[in-house]
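Every number in this text was worked out from the coordinates using simple rules, so none of it is lab data. Not measured: the values here are computed from a predicted model. Glycine also receives a Cβ, built like all others from the backbone with ideal geometry; neighbour counts cover every protein chain displayed.
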Amino acid sequence: MRSRFLIAALVASSLGAPAFARSAPPPVAPAQQPAPDRSSAYFHAGLAHLYEMMAIEQGRSDFATQAIENYKLALDADPNSSFLQTGLADLYFHLGRIREAVDAAQQQIKRNPADVDAHSLLGHIYLRSLGDGTTPQSAEMLKLSITEFETIVQLKPDDIENRLLLGQLYAMDHDSAKAEAQFKAVQSANPNAEEATLNLARLYNDQGDTKRAIAVLAAVPVTSRSAQLELLLGALYEQDHQNKLAAESYQLALDQDPSNLDTRRTLAHALFNDHQFDASLAQYIKLAAADPQDAQSVIRIADIQRHKGQFQDSLASLEKAKLLVRDPLDLNYIHYNEAIDDEALGHNDAAISVLNASLNDSAHSDGKYTDAEKGNRSAFLENLAELYRQMDRTDDAIAAYRQLIAMEGDYAERGWGGIVDAYRDAHQFPKATAAAAEAVKSLPTNTAVALNYYGQLADTGSADTALAQARALLGSHSGKDDRVIRLSLAQMEIRLKLWKQAAADLDAAEPLSLKPEDHEFLLFLRGSLAERQKRFDEAEPLFRQVLKQDPDSPATLNYLGYMLADHNLKLEEARSMLQQAVAAEPQNGAYLDSLGWAFYKLGQYALAEQYLLRAVARMHSDPTIHDHLGSIYEKEGKLSLAVIQWERSLADAKLSLPADVEPEDLARVQKSLDAAKARLAKSSPAR
């Protein structure tokens with residue numbers, strides 16, 4: 001008897017007569033249809049609800065069957081009950097019997113086209129069936145979902161939640177105008193509806209209009225922004241290269257939820273991207289303290305220490321991280337950066353040992369690797385080859401590059417390019433040309449490899465042939481490589497001082513440069529063309545346009561920073577730019593030389609010498625670096641050392657390609673050398 005009382009109690013508490021009265025259809029004439037037996041309907045509906053709960057809690061199919069049967073008995077007693085019809089359809093849905101759920105919901109809609117609950121259930125069933133959105137069935141389900149929610153919005157125009165969902169469905173269907181209309185309708189009905197604002201921003205961003213998306217979110221008063229809104233705004237600022245503003249938004253999100261480690265991690269990353277290394281370091285230290293097993297935060301601490309030039313501290317942090325990592329990819333990253341730190345400290349043999357050990361440990365006897373493994377090995381091999389090049393171990397460098405070639409695809413292209421560059425570094429130009437020709441035979445359909453060969457020919461005395469053969473490539477492969485060919489021609493022509501031809505090829509590349517990064521590179525080359533012609537007033541704004549689009553471009557920061565410093569212009573700004581470039585690529589010899597030269601121009605000779613010594617260790621055959629180091633030694637009163645550097649500069653210049661040496665620079669270095677020798681002779685005691 002107790003179970004019977006329990007069922008009665010559940011029926012009374014879960015249903016109640018008023019609810020059924022509200023959802024019942026208008027009464028019909030007794031002559032047409034018998035009156036519903038509501039007491040029987042209540043009883044069976046209660047049983048159905050009880051069995052449904054038991055089926056869900058215990059996972060028993062027999063209870064699910066009982067629930068369905070009792071819904072049907074309830075409907076027999078009250079066949080026109082919208083509540084029962086929708087309840088049965090909903091039960092089918094939750095039991096995963098989708099076809100029956102659809103049939104039940106559609107039958108109810110036929111009986112009552114204005115039944116919002118039935119339309120909502122059917123719409124959600126279609127939503128559940130969307131899958132990944134890439135199949136024809138998914139597209140059909142999306143259209144059906146839209147139809148149902150359009151009906152719901154018509155029936156309940158003030159229902160904000162369904163308008164938002166309809167807007168999201170329109171966005172999924174790439175109907176931006178309709179999606180925007182729904183989100184704006186929600187905003188009009190409720191100006192404080194944050195979900196509408198977030199969806200509108202996402203919609204604009206998906207359309208590629210990041211700035212408009214930012215404007216939508218930034219228009220919300222700071223005091224009214226949730227952490228979710230600040231996080232999205234920060235992500236959009238990052239996407240738009242506004243790292244400082246991104247960090248500010250993430251900080252505001254963190255202020256609302258200081259215990260959220262994911263938000264703190266996002267803030268730390270944004271601060272790092274904005275080169276606020278001390279602030280970023282403070283956040284990562286807090287993250288590591290909050291979770292002592294957080295290997296990623298310790299790795300990031302090492303990255304910051306490396307960017308700050310604290311290489312010994314970075315090595316110590318990497319040692320800590322080794323004890324925490326579980327993912328082989330993370331361990332590879334640690335080994336890679338250990339090698340960078342060792343190299344920066346002048347421990348090249350240690351760096352080579354780390355790289356070779358990692359390569360050997362991850363080697364497969366069959367030479368077959370996954371894409372991820374190839375990516376890792378390529379980074380190790382290229383770093384190893386670079387170290388060998390710095391140590392004049394050209395043959396070892398080429399052996400490393402040949403391992404890269406063996407991985408085929410883009411790796412082969414990079415391997416051949418590395419071999420050519422290694423021979424060029426060693427001033428073995430005939431071998432460089434032969435390697436470039438071999439690369440063309442190995443990869444006969446690769447346009448980049450062919451252009452590298454023509455560039456080598458142009459540099460070594462066959463300019464007319466090289467330019468003609470490169471230009472003959474235009475229009476091949478349906479013209480898909482024409483932009484790359486035009487830019488390569490322009491770079492060859494700049495080195496050959498063919499200014500008009502270079503400008504013409506850059507102009508021809510303009511309409512082919514469709515992506516933002518394509519346009520940035522085109523601007524960079526235009527700046528280079530102007531600078532090489534000594535039209536510095538034209539070059540500077542071109543480089544600044546590049547930095548406006550990508551403030552973190554190391555190559556542009558280096559080029560503009562060096563140009564300004566070399567001409568004693570805006571020296572503090574030049575130093576800052578060059579420090580940013582070196583922070584991005586601490587081992588880049590050209591960037592180290594530029595920063596050292598900026599410090600020289602600022603009269604900070606000790607710092608200048610520090611960076612120039614690091615530069616010459618990486619590019620010891622570069623005449624310009626030796627010239628700069630000689631100038632620093634002269635200012636420091638170390639004339640004997642200055643003479644050695646200037647002599648080395650002239651010797652390396654004689655071995656260099658003509659395009660890499662300016663006659664006026666040679667004359668200036670010779671003059672400095674002669675003057676230094678004369679001063680040394682005067683200061684030496686007579687024999």
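Suppose every Lys and Arg Cβ carries +1 and every Asp and Glu Cβ carries -1, with no other charges. What dipole size does the stretch 223-360 come out with about its Cα centre, to the nearest 20 debye?
Details: 11 positive and 21 negative charges, 41 e Å.
Here the stretch 223-360 has a charge dipole of around 200 debye.
So if R0 is 56 Å, what FRET efficiency would ASP550 and LYS72 give, r being the distance between their Cβ atoms, rounded to the nearest 0.05? Before the final figure, lay out each step's value.
Details: r = 66 Å, r/R0 = 1.18.
Rounded to the nearest 0.05, the efficiency is 0.25.
For the charge dipole of the stretch 620-687, defined by +1 on Lys and Arg C-beta atoms and -1 on Asp and Glu C-beta atoms about the Cα centroid, which residue among VAL643, VAL669, HIS628 has the Cα displaced farthest towards the positive pole?
Comparing the listed Cα positions along the dipole, VAL643 ranks first.
If one takes the longest principal axis of the Cα atoms in the chain, at what angle in degrees, from 0 to 90 and to the nearest 10, does the Cα axis of helix 176-189 lie?
With rounding to tens, the tilt is 70 degrees.
Explain nothing, just compute: Karplus ³J(HN,Hα) = 6.51 cos²θ - 1.76 cosθ + 1.60, θ = phi - 60°, for every residue of the stretch 465-480 in order, whole Hz, x for Gly and Pro.
The phi angles translate into 5, 4, 5, 5, 5, 5, 5, 5, 6, 4, x, 6, 6, 6, x, 5 Hz.
Would you mind putting 223-233, 440-450 in packing order, based on average other-beta-carbon counts within 10 Å, highest first?
On the way: 223-233: 17.6, 440-450: 15.8.
In decreasing order of mean packing, 223-233, 440-450 become 223-233, 440-450.
For a label point 7 Å from the Cα of VAL484 along Cα→C-beta, name the residues of the stretch 411-445 whose backbone N is under 18 Å from it.
Correct set: 411-421, 436-445.
Going toward the positive end of the dipole of the stretch 363-444, with +1 on Lys and Arg Cβ and -1 on Asp and Glu Cβ, which of GLY415, ILE405, PHE429 do you reach last?
PHE429
Using helices alone, I'd like the mean residue ellipticity at 222 nm for the chain: each DSSP H run of four-plus residues gives -39500 (n - 2.57), total over residue count, nearest 500. Before the final figure, lay out the partial values.
Details: 37 runs with 524 residues, N = 687.
Taking each H run of at least 4 residues, the total per residue is -24500 deg cm²/dmol.
Zone of SER176 (label point 7 Å along Cα→Cβ, backbone N under 18 Å): which residues in the stretch 194-223?
197-217
Where Lys and Arg each count +1 and Asp and Glu each count -1, what net charge lies around GLY123 among other residues with Cβ under 11 Å from its Cβ? Let's see the in-between values first.
On the way: positive: ARG128; negative: ASP117, GLU148, GLU150.
Combined, the nearby Lys, Arg, Asp and Glu give -2.
Which whole-number percentage describes the relative contact order of the chain, with Cα contacts under 8 Å and a sequence gap of 6 or more?
4 percent
Cross-link partners among aspartates and glutamates for LYS441, C-alpha distance below 15 Å, same-chain residues fewer than 8 apart left out?
GLU408, GLU413
Between helix 243-256 and the chain, what is the angle of the helix's C-alpha long axis to the longest principal axis, kept within 0 to 90° and rounded to the nearest 10?
40 degrees
Convex hull over the Cα atoms of the chain, averaged projected area in nm²? Walk me through the numbers on the way to the answer.
Values: hull surface 172.9 nm².
If you wrap the Cα atoms of the chain in a convex hull and average its projections, you get 43.2 nm².
Can you compute the charge dipole magnitude of the stretch 620-687 about its Cα centre, using +1 on each Lys and Arg Cβ and -1 on each Asp and Glu Cβ, nothing else charged? Give it in debye, rounded to the nearest 20.
About 560 debye.
Treat every Asp and Glu Cβ in the chain as -1 and every Lys and Arg Cβ as +1, leave all other atoms uncharged, and give the resulting dipole magnitude about the Cα centre to the nearest 20 debye. Each step should come with its number before you reach the end.
On the way: 69 positive and 96 negative charges, 137 e Å.
Here the chain has a charge dipole of around 660 debye.
Can you list the HN-Hα couplings for the stretch 140-154, worked out from phi with the Karplus curve (6.51, -1.76, 1.60; θ = phi - 60°), rounded to whole Hz and with x for Gly and Pro?
5, 5, 5, 4, 5, 4, 4, 4, 5, 6, 5, 5, 4, 5, 5
What list of ³J(HN,Hα) couplings, whole Hz, do you get for the stretch 288-302 from phi and the Karplus terms 6.51, -1.76, 1.60, once you set θ to phi - 60° and write x for glycine and proline?
5, 5, 5, 9, x, 9, 7, 5, 4, 5, 5, 5, 5, 4, 4
How compact and how long is the stretch 620-687, expressed as Rg and Dmax of its alpha-carbon atoms in Å?
Calculated on Cα positions, Rg and Dmax stand at 12.4, 44 Å.
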